[in-house]
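The values are calculated or read from the model by the stated rules, or taken from the named source; none is laboratory data. What you see is a predicted model, and the numbers here were worked out from it, not measured in a lab. Cβ sites come from the backbone with ideal geometry, for glycine too, and all protein chains shown count toward neighbours. Calculation scope for accessible area: heavy atoms of the full protein, side chains included, ligands and nucleic acids excluded. Shrake-Rupley method; radii C 1.70, N 1.55, O 1.52, S 1.80 Å.
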Amino acid sequence: MNTCLVTGTGSGLGKSIFNSLPSNSFSLNRKNRSFTLDLLREKGVNTIIHAAFGGQGGYEQFNIEDYFKYVDDNILLTKELLDIPHDRFIYISSLAVYETSPNNYKTTKLYCEAMVNKLGNNPLILRCPAILNKNMRKNNLIKIIEDNNPKISLTPNSTFNYITDKDIIEVINNPQVKGTLDFTASNNIQLSEIVDIIGKKVTYGNYTFTTPKTLTPYLNKTSKQVLQEFLRERKK
């Protein structure tokens with residue numbers, strides 16, 4: 001049977017991917033990192049799916065309290081994973097690599113992409129936007145869905161691009177897909193439209209979040225369609 005190693009399985013995408021795999025798959029977290037890496041350096045795996053990112057999260061990587069921990073959780077861990085014998089390496093990157101202004105998150109993703117392309121076997125890099133899944137942590141979207149009187153930090157003209165964990169699971173299950181992909185929906189959606197779809201009265205903030213537009217979106221569906229699909233799944 002094919003064996004997989006997945007990182008970032010505590011929540012979000014990593015958890016969704018791991019739960020979709022056979023029982024002989026391996027999960028790597030902070031507690032079992034040393035043991036798992038030592039074990040798999042000897043026996044290897046067929047596929048490594050690196051979905052973890054250590055830090056404050058997303059685009060907010062401007063203030064780092066412990067620089068060694070930040071580097072260890074991201075760059076050094078990626079190198080240790082690449083040292084495991086493997087047939088295929090899948091790295092979950094971000095559209096943040098297209099940000100015009102420098103920030104730690106963007107730079108770290110680019111460093112890790114370069115290592116995966118240089119040292120990984122049959123690398124697949126997915127540059128992802130916001131990923132909707134039932135295991136996601138509470139963010140502005142979930143506040144709008146769940147809170148009675150949601151207060152968010154963003155302006156109504158903020159833009160998002162949405163995909164789901166199922167979209168990613170589908171592509172990683174296709175061994176023919178390789179290279180670096182802008183794994184996005186066919187267009188972005190404004191926050192004001194998201195609020196209208198959900199049907200909530202929202203108190204907006206002052207920060208405008210802008211999702212970069214990509215030239216070659218991968219999915220043949222819009223962010224609006226992805227959001228509606230996600231909302232239907234939540235009701236089941």
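Here is a yes/no grid of residues against (1) among the β-branched types (Val, Ile, Thr); (2) within 18 Å of the chain's Cα centre (by Cα); (3) modelled with pLDDT of 95 or more:
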| position | (1), (2), (3) |
| --- | --- |
| GLY14 | no, yes, no |
| LEU37 | no, no, yes |
| LEU40 | no, no, yes |
| GLN56 | no, yes, no |
| ASN63 | no, no, no |
| THR78 | yes, yes, yes |
| LEU82 | no, no, yes |
| PRO85 | no, no, yes |
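Being buried (at least 16 other Cβ atoms within 10 Å of the Cβ) and under 20 Å from ASP73 (Cα atoms) is the filter here, so list the residues in the stretch 34-46 that pass it.
THR36, LEU37, LEU40 - these are the residues of the stretch 34-46 that are buried (at least 16 other Cβ atoms within 10 Å of the Cβ) and under 20 Å from ASP73 (Cα atoms).
Going through the stretch 79-100 one residue at a time, which ones are open to solvent by less than 60 Å² (accessible area, probe 1.4 Å) and either among the acidic types (Asp, Glu) or out of contact with any Lys or Arg (no Cβ under 8 Å at 6 or more places or on another chain) (or both)?
GLU80, LEU81, LEU82, HIS86, ARG88, PHE89, ILE90, TYR91, ILE92, GLU99
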